[in-house]
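No lab work stands behind these numbers, since they all come straight from the coordinates. Only a predicted model underlies this, so the values are computations on that prediction, with no experimental measurement involved. Cβ atoms come from the backbone with ideal geometry, glycine included; neighbour counts cover every protein chain shown.
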Amino acid sequence: MASADSRRTGNGGSVGGAFQLYLDSLRQELRQRDPTLLSVVVALVAVLLTLGKEAAVFWKFIRSRRSSQRAVLLVGLCDSGKTLLFVRLLTGLYRDTQTSITDSSAVYRVNNNRGTSLTLIDLPGHESLRLQFLERFKASARAIVFVVDSAAFQREVKDVAEFLYQVLLDSIGLKNTPSFLIACNKQDITMAKSAKLIQQQLEKEINTLRVTRSAAPSILDSSSTATAQLGKKGKEFEFSQLPLKVEFLECSAKGGRGDTGSADIQDLEKWLAKIA
């Protein structure tokens, strides 16, 4: 008795043979009725096959470009809590962290039904390194998570706004604009500012930056990105004016019960699942 595999192979062969016989009979009938019509049909089939191959190649190229952008960049100032967020997302556990002078990356399994994965990349927050590492990884970014220390925000607002200004300029200039999130971290601390207040103060500070930068004389030529501005000219800056959507959410990598407690990062996990 033939095995199941041989039966499947035999069936496939018979189906292919029957289809070939049908094509041969159709070709013979067309040749007998009208040779010209046969030439037209053959040419049409050739065109359709060619277009089908080109369409498949184009679609594969588009999908490969999009699928190659799987990186989520975690950026922000030193001590904003980026690295602990990175660890919490990957392991769910608390770990003591320290300021790093290099990047860290790992595959993150998204919490959805499709089994999607992203590559989380934690970039250094030190002032002398952060723009250098951003330049290195920004082309592969599917999303950028800008982490803010909500408890220290009041005293760091100028530094946060200046770095955010540059990150936004770089993001808008990319061919494939990444999704953009401002994660207001350390909400477990009593003095932490709300996401709404942080958004409002950042808009005011970025508006001031626009004014001072546009008023400062430039020794660079007019094509330089240094002259680029965010938002609409002549209007007070708002994030809604940007060509990319900037979202805000509150989170806490440490959690409300200290080192042993669970993190409050559910909204961040949902956002990552959405953009994946």
**OP:** Could you calculate the contour length gain from residue 267 to residue 104, that is, 0.36 nm times the residue separation minus the distance between their Cα atoms, to one decimal place in nm?
**Re:** 56.4 nm
Subject >> Extension gain (nm, one decimal) between residue 96 and residue 79, 0.36 nm per residue minus Cα-Cα >> reply: 4.9 nm
Original post:
Looking only at the range 97-128, which residues have a backbone nitrogen under 16 Å from a spot 7 Å from the Cα of residue 247 in the C-beta direction?
Top reply: 110-113, 118
Subject >> Listed peptides 74-81, 244-251 by packing density, highest first (mean Cβ within 10 Å) >> reply: 74-81, 244-251
